[in-house]
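Report on one structure; see the data block that follows.
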Amino acid sequence: MSDHNKINEEQHGKKPGTKREMSRRQFLSYTLGGAGGFMAAGMLVPMLRFAVDPVLQPKKESDWVKVVEESQITAEPKSFTFQIHQVDGWYESDPELAAWISKDSNGKIFALNPTCKHLGCTVNWNDNPEYKNQYFCPCHGAHYTQDGKNLAVAPKPLDEYDVKVENGFVYLGPLHANTRA
């Protein structure tokens, strides 16, 4: 061994190339970093739980909404408005919705959502003289049959509400893809 290495070994009591112990500075850095990370996680977990909790709640079945008396429904579609109670995360509201309700050739009542499947405008029945006895969207010219089948522009038929008749009243349920078209 060289004299230089012997002097270093005697002065420091170590052989060159061996690992040194953790310094005070490193120990404090690791300890404070770990404690800070633990405290930050302790604050973030409740915040995440608060934000994600509405998503984790079980979905409740949508309620049936009483809309109109059965005697008012004819073969000619009519627009009826109704309110639903809606919970969106932490926000509760009572928006007003609309439905076109009519009877088919067999006398069965059905209801269609008036939202155009092209760009979401509201369709109207028999509103355009060019398209008699059809739903027509004034925004981009989409039109539909009385059953909601798309004829032009729109990629899909109008959505349909579940319908039930009880005690002389028409009730509307959840919205789903059109089964009539």
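The values are calculated or read from the model by the stated rules, or taken from the named source; none is laboratory data. Bear in mind the structure is a predicted one, so any value in this text is a computation, not a measurement. When we count neighbours, we look across all protein chains shown, and the Cβ atoms used for this are built from the backbone with ideal geometry, even at glycine. For the accessible areas, the whole protein counts, side chains as well, though only heavy atoms, and no ligand, DNA or RNA atoms are used. Shrake-Rupley method; radii C 1.70, N 1.55, O 1.52, S 1.80 Å.
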Pairs with Cβ under 6 Å, 6+ apart, first in the range 161-177 and charged (D, E, K, R), second part of a strand (DSSP E or B): 162/173; 162/174; 164/171
Positions within the range 141-155 being farther than 13 Å from residue 112 by Cα and in contact (Cβ under 8 Å) with a residue 24 or more places away in the chain, in sequence order: 142, 153, 154, 155
Those residues of the range 145-167 which are open to solvent by 70 Å² or more (accessible area, probe 1.4 Å) and over 19 Å from residue 105 (Cβ atoms), in sequence order: 153, 155, 156, 166, 167
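So that you can scan it fast, the table gives a plain yes or no per residue for (1) more than 20 Å from residue 148 (Cα to Cα); (2) of a type in the set (D, E, K, R); (3) without any contact (Cβ under 8 Å) to a residue 12 or more places away in the chain:
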position: 64; (1), (2), (3): yes, no, no
position: 69; (1), (2), (3): yes, yes, no
position: 72; (1), (2), (3): yes, no, yes
position: 78; (1), (2), (3): no, yes, no
position: 84; (1), (2), (3): yes, no, no
position: 90; (1), (2), (3): yes, no, no
position: 100; (1), (2), (3): no, no, no
position: 104; (1), (2), (3): no, yes, no
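Results for (1) in contact with a helix residue (DSSP H, G or I) (Cβ under 7 Å, 6 or more places away or on another chain); (2) of a type in the set (S, T, N, Q); (3) over 29 Å from residue 122 (Cβ atoms), shown as yes or no for each residue.
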{"position": "37", "(1), (2), (3)": "no, no, yes"}
{"position": "41", "(1), (2), (3)": "no, no, yes"}
{"position": "44", "(1), (2), (3)": "no, no, yes"}
{"position": "48", "(1), (2), (3)": "no, no, yes"}
{"position": "53", "(1), (2), (3)": "no, no, yes"}
{"position": "68", "(1), (2), (3)": "no, no, no"}
{"position": "72", "(1), (2), (3)": "no, yes, no"}
{"position": "75", "(1), (2), (3)": "no, no, no"}
{"position": "79", "(1), (2), (3)": "no, yes, no"}
Pair list, Cβ under 6 Å, 6 or more apart: the range 117-140 residue aromatic (Phe, Trp, Tyr), other residue assigned to a loop (DSSP other than H, G, I, E, B): 125/77; 135/123; 136/127; 136/128
In the range 88-144, residue farthest from residue 162 (Cα to Cα) [restricted to those that are open to solvent by 90 Å² or more (accessible area, probe 1.4 Å) and part of a strand (DSSP E or B)]: 91
